[in-house]
Structure formats: structure tokens, C-alpha cells
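Novice: Okay, here's the structure, questions in a sec.
The values are calculated or read from the model by the stated rules, or taken from the named source; none is laboratory data. It should be emphasised that the depicted structure is a prediction, and the values quoted were computed from it without experimental measurement. Neighbour counts are summed over all protein chains in view; Cβ atoms, including those assigned to glycine, are modelled from backbone coordinates with ideal geometry. Protein only, heavy atoms only, side chains kept; ligands, DNA and RNA dropped before computing areas. Shrake-Rupley method; radii C 1.70, N 1.55, O 1.52, S 1.80 Å.
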Amino acid sequence: MNEVCAFQNGGTPSKAIPRYFTGDIPWITGADLVGPVARSARSFITEEAITSSATNKVPAGTVLLVTRTSVGKVAIAGTELCFSQDITALLPDSAKLDAGYLVHFLRTKEEHFSRYARGATIKGITRQVVADLVIPLPPLQEQRRIAAILDQAETLRTQRRTALALLDSLTQSLFLDMFGDPVANPKGWPKVPLTQTCASPDDIRCGPFGTQLLRSEFKTEGVPLWGIKNVNAKFEIPTHEFVDEQTANRLSHYSIEPLDIVMTRKGTVGNCAVYPTSFPSGVMHSDLLRLRVSSKVCLSTFLSHQLHHSQDVERQLTLISGGAVMPGINVSRLKELLVFLPPLPLQQTFATRIASIEALKDTHRRALAALDALFASLQQRAFAGAL
């Protein structure tokens, strides 16, 4: 790489001198690289700031690689800009190397960069790690053709991700449209303690204590054991932890059944997901809570969305999850959490509409997975000279 690229370091003007940040020159950090092209900045500096610091100004088209903190993120400068020490600028020799081709090549090296990252708190790679990379160099016209193919595949993946994000926001809009803002409660729905959505107060329960489930009891197959990361991912990632039937029976009070609402009580406090109907009975880890609602009173889909989208619920969860060292939800107080309870037929209408949206999301997820596989294959073939 050092034979076909020039490198420039970044820097940070002194924050103690406010006038440095009153200019019109974009100055970015790794956090500003959120897409393939860096077009916007959160800070703007003056020419004096540039001359008084280690930052450099580079032209549009420069390749920007994050070499500290989120190592491996890469983008092209969409305008003339300056950058922090977290970023290394790569200026390819235009007679030998196409910038777009270089960007795609660097994206294939994320694992390589992670392997060479060093640092106790802030991990980073040295310039030498980048300079020592060996990049295949077909003719420029061929580089541009490869970059165009990968750009097109990446655009398709972006469109799928955008569609999924829009469908996520649609569920929140649908909830607000049908039931109103839970804080203002303009439709006057009755408010009840969470226990009244269940057949029994014991249907709201936290996971087993650590002494009730030892790591030595974990198996590689059997009854699935679910944790925080699975709930945060809406059960879209599999678990690799299981217990045998005997242990599962002993922990039956902590079981998770289809349509149970599962909530995180530590870490990402208050995140929740409905346990899918196609899944077998499982067991929850100690850092989770289970709400088993009564279908005669309340539907899991409706309540889960209320718990997820309601700022009123969020405020109440904040009040009941205080902890001196680590926040965590107190189960007894969770049972007193107030939720509003519209008529069951209206909840059913909502659940039916949500099911239609989820079906669309499944279609997009499958298409995105196929595109991800295609993109990985194209990347591999592109830099093996087989595309």
C-alpha cells in the first residue's frame, strides 16, 4: 500500500480555545463516518485551528480509514475536510489506484485490522499495519469495473436496510395512531397495574438466581437457555446455551413459553420481545424477566409494543430500576407498573396489522441475508482476480 498511497494523520485543535471551532471547515471524527461518503460534520474549524494543531485538510475523494476506536470503518471524503487523530487519510496515486476500489479492498480487511489492534482502553492500529497491506492491482479500468459492481450490490443492501428501518418506525406510528400517546392518554383508556394483565401475579417472574443454575449445567443441546443478547435481538439470533430436560423441569418456574413477553432487567434495562410461537419451551437467564399475559385480558403483541414505545412506561421503569452500582428492575415494583388497557378486539386488530408488517420484514430480512452472502462472495472473487 505504501507504494501506491500517501498517508496523512489527523489531529484535534485545542478545545480550550473556542474560536478554533467557529470556522466553516468541516472537522470530523470516527463517529461521523456513518455511510460510504463523509458529507457532514458536527464541528467546523478555522484555518488558524489547522495551523495550530496536527489536523490536516484533505480534498474530496480522499479515502478515510478509522485507525483508533472503531477500527476499520472506511469512507470517502465527500468534500474538502479535516479530521481527528482517530482517522488516517489515504491519498491513492490516481495513475495506479482507484479510490473506490481501495475503499472496497479496505472493507475486506476489517478482521485483519481487529487482529492487529492494540491498546488497553482505546484500541488502534499503527500506520505500518495499513502500509504493509498488499493490494491486488489490476488495470485502472478493471478496478473501476470491480468497484462499480460492489457499489451496486452495496446499494441494494442499503435499500433493504432502509426498508426494514421504515417498517420498524411504521409499527410505532401504528401504535400511536390506534391508541394515542400513552403519556397524554387522549382516548382515556383505563390504566391498570401490570399484574392485572396476567392470570396470576406469579406470571411475572425474574430468572433463577445464579446458585440455582450453574455454568457447569450448561449443555450444547437440549432445552434452550435465553439471555439478554437474544432479547435485544428480538430472538433473531440463536442461543448456544442449553440445559437438559431434568434441569429444565427443576427450573420450570423460570420457563419461557411461546407468546411470553421477555424483558431485560439488567444491562439494557426494559428491552422486551415476544417469545416466538415457533420456538420450543425454554428457560431464561437470571438477568431476564418473564411476563405471561392472560389472552382473556391482554395480547402479548399489544403489551410488548406499549412497553417498548411508551415514554410513560420508560419513565416508570427508570424509577423502579435504580441501583447503587448497576441498574436493575425490582420485580415487586414492576408488578405495580401502570399500563393502559384498551378493549381486546382493538388489541386484536393491532396484532393482526403488526403480523402483516412482520411478514413484510421477514421478506426483507431473507432478501438482505441473500444479498449479504452475494456481497461477501463478490468481495472474495473481486480481490482474488475472479470477478
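Novice: May I ask you to evaluate 6.51 cos²θ - 1.76 cosθ + 1.60, the Karplus curve with θ = phi - 60°, for each residue of the stretch 144-155 and list the ³J(HN,Hα) values in order in whole Hz, giving x for glycine and proline?
Specialist: Calculated HN-Hα couplings, in order: 5, 5, 5, 4, 5, 5, 5, 4, 5, 5, 5, 4 Hz.
Novice: Suppose all protein chains stay in the model; what accessible area per residue would a 1.4 Å probe give for the stretch 283-384, in Å²?
Specialist: Values: 4970 Å² over 102 residues.
Using a 1.4 Å probe on heavy atoms only, each residue of the stretch 283-384 averages 49 Å².
Novice: Using Cα pairs closer than 8 Å and at least 6 residues apart in sequence, work out the relative contact order for the stretch 87-157, in percent. Could the numbers behind the result be given before it?
Specialist: Numbers: 32 pairs, mean separation 30.1, N = 71.
Once normalised by length, the contact order is 42 percent.
Novice: Follow-up. Mind giving me the FRET efficiency for GLU236 and LYS191? R0 is 30 Å, r the Cβ-Cβ distance, nearest 0.05 is fine. Working shown, then result.
Specialist: Working: r = 32 Å, r/R0 = 1.06.
Here the calculated transfer efficiency is 0.40.
Novice: Using only alpha carbon pairs under 8 Å that are at least six residues apart, calculate the relative contact order of the chain and give it in whole percent.
Specialist: Values: 665 pairs, mean separation 54.7, N = 387.
Rounded, it is 14 percent for the chain.
Novice: Continuing with the same structure: Tell me the mean residue ellipticity at 222 nm calculated for the chain from its helices only (DSSP H runs of n ≥ 4, each -39500 (n - 2.57), averaged over every residue, nearest 500).
Specialist: Calculated at 222 nm, the ellipticity per residue is -11500 deg cm²/dmol.
Novice: Which percent, to the nearest 5, of DSSP beta bridges fully inside the chain are antiparallel? Before the final figure, lay out the partial values.
Specialist: Details: 39 of 45 bridges.
Antiparallel bridges: around 85 percent, rounded to the nearest 5.
Novice: Here is a further query. Using 0.36 nm per residue of separation minus the Cα-Cα distance, give me the extension gain between ALA351 and SER173 in nm, one decimal. Display every interim value, and only then the final one.
Specialist: Working: separation 178, 0.36 × 178 = 64.08 nm, distance 1.38 nm.
Net length gain for the segment: 62.7 nm.
Novice: Hey, what angle do you get for helix 311-320 against the long axis of the chain, alpha-carbon based, 0 to 90 degrees rounded to 10?
Specialist: The helix 311-320 is inclined about 80 degrees to the chain.
Novice: Looking at this model, which pairs from LYS266/LYS296; LYS73/LYS123; LYS123/LYS234; LYS191/LYS296; LYS191/LYS335 are more than 19 angstrom apart at the alpha-carbon?
Specialist: Values: LYS266/LYS296 30 Å; LYS73/LYS123 13 Å; LYS123/LYS234 30 Å; LYS191/LYS296 17 Å; LYS191/LYS335 13 Å.
With Cα atoms farther than 19 Å apart: LYS266/LYS296; LYS123/LYS234.
Novice: In percent, what relative contact order does the stretch 232-387 have, based on Cα pairs under 8 Å that are 6 or more apart in sequence? Walk me through the numbers on the way to the answer.
Specialist: Details: 159 pairs, mean separation 28.5, N = 156.
The normalised contact order for the stretch 232-387 reaches 18 percent.
Novice: I would also like to ask the following. For the chain, with all protein chains present and a 1.4 Å probe, just round the carbon and sulfur fraction of the accessible area to a whole percent. Write down the numbers at each step before the final one.
Specialist: On the way: 10530 of 19570 Å².
Carbon and sulfur: 54 percent of the exposed surface of the chain.
Novice: If you put +1 on each Lys and Arg Cβ and -1 on each Asp and Glu Cβ, how big is the dipole of the chain around its Cα centre, in Debye rounded to 20? Mind showing how you got there, number by number?
Specialist: Values: 40 positive and 35 negative charges, 59 e Å.
Once rounded to the nearest 20, the dipole reads 280 debye.
Novice: How big, in percent, is the set of alpha carbon pairs in the stretch 1-66 lying more than 13 Å apart?
Specialist: 66
Novice: Report the trypsin sites (Lys or Arg not before Pro) located in the stretch 253-320 that are in a DSSP loop and have at most 10 other Cβ atoms inside 10 Å of their Cβ, or state none.
Specialist: Values: sites: ARG265, LYS266, ARG290, ARG292, LYS296, ARG315; in loops: ARG265, ARG292, LYS296.
Of the trypsin sites (Lys or Arg not before Pro), the ones in loops of the stretch 253-320 whose Cβ has at most 10 other Cβ atoms within 10 Å are LYS296.
Novice: For a quick protection proxy, order the peptides 345-357, 249-261 by their average other-Cβ count within 10 Å, most packed first.
Specialist: Details: 345-357: 14.6, 249-261: 16.8.
Ranking, from highest mean packing down: 249-261, 345-357.
Novice: Sticking with this structure for a sec: Taking H as built 1.01 Å from N, whose amide H comes closer than 5 Å to the amide H of ILE256, not counting residues under 5 places away?
Specialist: Result for ILE256 returns GLY282, VAL283, MET284.
Novice: Against the globular-protein guess of 2.2 N^0.38 Å, express the Cα radius of gyration of the stretch 279-357 as a ratio, rounded to two decimals.
Specialist: Values: Rg = 14.5 Å, N = 79, 2.2 N^0.38 = 11.6 Å.
My calculation over the Cα atoms of the stretch 279-357 gives 1.25.
Novice: Quick one: dipole size for the stretch 216-264, taken about the Cα centre, charges +1 on Lys/Arg Cβ and -1 on Asp/Glu Cβ, in debye to the nearest 20.
Specialist: For the stretch 216-264, the charge dipole is close to 160 debye.
Novice: Mind ordering 114-125, 40-51, 21-32, 173-184 by average Cβ neighbours within 10 Å, highest first?
Specialist: Values: 114-125: 12.8, 40-51: 16.3, 21-32: 18.6, 173-184: 14.7.
So the peptides 114-125, 40-51, 21-32, 173-184, ranked by packing, come out 21-32, 40-51, 173-184, 114-125.
Novice: Quickly work out the ILE17-to-VAL331 label distance, labels modelled 7 Å from Cα along the C-beta direction, and quote it in nm with one decimal.
Specialist: 6.0
Novice: Can you check how the C-alpha radius of gyration of the stretch 95-143 compares to 2.2 N^0.38 Å, as a plain ratio?
Specialist: On the way: Rg = 13.1 Å, N = 49, 2.2 N^0.38 = 9.7 Å.
It is 1.36.
Novice: If you don't mind, another one. Please report, in cubic angstrom per residue, the volume enclosed by the convex hull of the alpha-carbon atoms of the stretch 68-166. Spell out each step's value before the answer.
Specialist: Details: hull volume 13.9 nm³, N = 99.
Hull volume normalised by residue count: 140 Å³.
Novice: Tell me the label only: which of (i) 22, 41, 33, 3; (ii) 24, 51, 23, 2; (iii) 28, 53, 16, 3, 0 is P(r) over Cα pairs in 20 Å bins from 0, in percent as calculated from this structure?
Specialist: Matching the structure shown: (i).
Novice: Determine the dipole magnitude for the stretch 294-387: charges of +1 sit on the beta-carbon of Lys and Arg, -1 on that of Asp and Glu, nothing else is charged, the reference point is the Cα centre, and the result goes in debye to the nearest 20. Before the final figure, lay out the partial values.
Specialist: Numbers: 9 positive and 6 negative charges, 29 e Å.
Dipole magnitude for the stretch 294-387 comes out near 140 debye.
Novice: What number, in nm² with one decimal, is the all-direction average of the projected area of the convex hull of the alpha-carbon atoms of the stretch 1-148? Write down the numbers at each step before the final one.
Specialist: Details: hull surface 35.5 nm².
The Cα convex hull of the stretch 1-148, projected and averaged over all directions, gives 8.9 nm².
Novice: Determine the gain in length on full extension of the stretch HIS253-GLU314; use 0.36 nm per residue of separation and subtract their C-alpha separation, reporting nm with one decimal.
Specialist: Details: separation 61, 0.36 × 61 = 21.96 nm, distance 2.69 nm.
The HIS253-GLU314 span can extend by a further 19.3 nm.
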